[in-house]
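Notes for the one structure printed next.
The values are calculated or read from the model by the stated rules, or taken from the named source; none is laboratory data. Since the model is a prediction, treat every value here as computed from it, not as a measurement. FYI the Cβ positions are ideal-geometry reconstructions off the backbone, even for glycines, and counts take in every protein chain you see. Heavy atoms of the whole protein, side chains included, go into the accessibility calculation; ligands, DNA and RNA do not. Shrake-Rupley method; radii C 1.70, N 1.55, O 1.52, S 1.80 Å.
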Amino acid sequence: MRFPPEKPSSVSQLIGNPTAFSEVKKWASEWASGKKQKPLLVYGATGIGKTALAHALASEFGWEIFEFN
């Protein structure tokens, strides 16, 4: 039987660039407090954790994920 991998529930559970993670959390905190700012654009190569970061951030801030292609 195969189980799906456990998803991180917060940004602190991610492994990667701590500077980028802190910038994203800063942006999210300001966004949540109502500060008017530009949207966050996360881009990069396939498999580097963009979706994992978005889901962890949403989980941490209690936001709902809405995806479309």
**OP:** Round to the nearest 10 and give me the degree value, 0 to 90, for the angle of helix 50-61's Cα axis relative to the longest principal axis of the chain.
**Re:** 60 degrees
Original post:
What relative contact order, as a whole-number percentage, does the chain give when Cα pairs under 8 Å and 6 or more residues apart are counted?
Top reply: 47 percent
Subject >> Fully extended contour minus Cα-Cα distance, from Ser22 to Val42, at 0.36 nm per residue >> reply: 5.8 nm
Subject >> Neighbour count of at most 10 Cβ within 10 Å plus DSSP loop: longest chymotrypsin sites (Phe, Trp or Tyr not before Pro)-free window in the chain >> reply: 1-42
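The chain: which GluC sites (Glu not before Pro) are DSSP loop and have at most 11 other beta-carbon atoms within 10 angstrom? Walk me through the numbers on the way to the answer.
Working: sites: Glu6, Glu23, Glu30, Glu60, Glu64, Glu67; in loops: Glu6, Glu64, Glu67.
Within the chain, the qualifying GluC sites (Glu not before Pro) (loop, at most 11 other Cβ atoms within 10 Å) are Glu6, Glu64, Glu67.
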**OP:** Putting +1 on Lys and Arg Cβ atoms and -1 on Asp and Glu Cβ atoms, find which of Gly49, Gly62, Phe21 reaches farthest to the positive end of the dipole of the chain.
**Re:** Phe21
Subject >> Whole-percent carbon and sulfur share, accessible surface of the chain, 1.4 Å >> reply: 58 percent
**OP:** Roll a 1.4 Å probe over the protein chains and send me the accessible area per residue for the chain in Å².
**Re:** 87 Å²
Original post:
Among Ser12, Ser59, Ser29, whose mean-square fluctuation peaks in a Gaussian network model of the chain (Cα, cutoff 10 Å)?
Top reply: Ser29
**OP:** Under a 10 Å cutoff between Cα atoms, tell me which one of Lys38, Lys26, Lys50 has the largest fluctuation in the Gaussian network model of the chain.
**Re:** Lys38
Original post:
Of [x] 28, 22, 18; [y] 47, 26, 24; [z] 36, 32, 20, which is the value of Cα extents along the principal axes in Å derived from the coordinates here?
Top reply: [y]
